[in-house]
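Structure, as structure tokens:
The values are calculated or read from the model by the stated rules, or taken from the named source; none is laboratory data. Everything quoted here is computed from the prediction, not taken from an experiment. Positions of Cβ are generated from backbone atoms using ideal geometry, with glycine treated the same way; all protein chains shown enter the neighbour counts. For accessibility, only protein heavy atoms count, side chains too; no ligands or nucleic acids. Shrake-Rupley method; radii C 1.70, N 1.55, O 1.52, S 1.80 Å.
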Amino acid sequence: GLPVAVHVYEVPGHREVMEAGGDVLYHSAVTAPIDESYLALAKRMGSAYVATLSIYHDTYDPDAARRWAQNESVRSSIPAVTLETLAVGGPLDMFEAFTKRREMKERLPMIRDNLRRIHDAGIPFAVGPDTGVPAVFPGISVHREMELMCQAGVPAMAVLQAATRQAAALLGDTAGGSIERGKRADLLVLRDDPLQDILATRTVEAVIQSGRRIDRQGLLRSIMSDTD
């Protein structure tokens, strides 16, 4: 009776998980295009999709990851000791063999198209960057994932819902995910409109958690002082 999320990225594996009743497919289908039979199975079984585009765009492409890490939004929120993992010859370069990196780069158009097919077919999906691998960092990589999803052709509104309402639904969180009477007062207040430009999700003015305003500057100072 528990929801099940499965780490799987080959199309036959996706099908096996869906046929077995798995609830969430965690990682894009990267080995082949998603076809109509795949979409029909996902609809019939109620399976959801988490694309983790950040891995395929950044972790498997060290040059792209290093360019992204130069953004002010990254450098101002990720400690230097963590950014050092992106240095040439470090964990990022050692993550996967060059051959696999080249394969993923060649497959990127298909990977993006598969996510767009999921959206167009009305299959539920959520934002998830798969933190814990090189170049994918807690917090900021959620914003990066939303950026990449929009670049893949998913409308900004659908991406925002995937990061909030849909993500909460997949986790069984009935008290969060949307602004409604009776739900937790969890709010992200932005300066700019993410429907005009998804990068506006990074223009954070305030964070409200359970009705309490978070001391963002104090929290940031604590994060940025990390030397371990």
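Summary table
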| quantity | calculated |
| --- | --- |
| Residue within the range 19-33 that is in contact with a Ser or Thr (Cβ under 8 Å, 6 or more places away or on another chain), of a type in the set (Phe, Trp, Tyr), surrounded by 12 or more Cβ atoms within 10 Å (Cβ to Cβ) and without any contact (Cβ under 8 Å) to a residue 40 or more places away in the chain present | no |
| Spans of helices (runs of 4 or more DSSP H) in the range 34-103 with at least 2 residues at pLDDT 90 or above, under 22 Å from the mean Cα position of the chain (by Cα) and under 25 Å from ASN114 (Cβ atoms) | 36-45, 62-68 |
| Residue count for the range 77-119, restricted to those that are over 17 Å from VAL30 (Cα atoms), touching a Leu at 6+ places or on another chain (Cβ under 8 Å) and open to solvent by 40 Å² or more (accessible area, probe 1.4 Å) | 1 |
| Selection count, the range 57-67, where residues are open to solvent by 10 Å² or more (accessible area, probe 1.4 Å), in contact (Cβ under 8 Å) with a residue 24 or more places away in the chain and under 21 Å from GLY128 (Cβ atoms) | 3 |
| Boolean, MET45 is closer than 30 Å to HIS14 by Cβ, in contact with a helix residue (DSSP H, G or I) (Cβ under 6 Å, 6 or more places away or on another chain), open to solvent by 10 Å² or more (accessible area, probe 1.4 Å) and among the hydrophobic types (A, V, I, L, M, F, W, C) | yes |
| Pairs with Cβ under 6 Å, 6+ apart, first in the range 166-185 and among the small types (Gly, Ala, Ser), second open to solvent by 70 Å² or more (accessible area, probe 1.4 Å) | ALA175/ARG184; GLY176/ARG184; GLY177/ARG165; SER178/ARG165 |
| Residue within the range 127-141 that is over 15 Å from the mean Cα position of the chain (by Cα), not aliphatic (A, V, I, L, M) and not in a helix (DSSP H, G or I) present | no |
| Candidates GLY139, GLY122, filtered to the one that is under 30 Å from LEU220 (Cβ atoms), touching a residue at least 40 places away in the same chain (Cβ under 8 Å) and loosely packed, with under 15 Cβ neighbours inside 10 Å | GLY139 |
| Complete set of residues in the range 67-112 that are of a type in the set (Asp, Glu) and in contact with a Pro (Cβ under 7 Å, 6 or more places away or on another chain) | ASP93 |
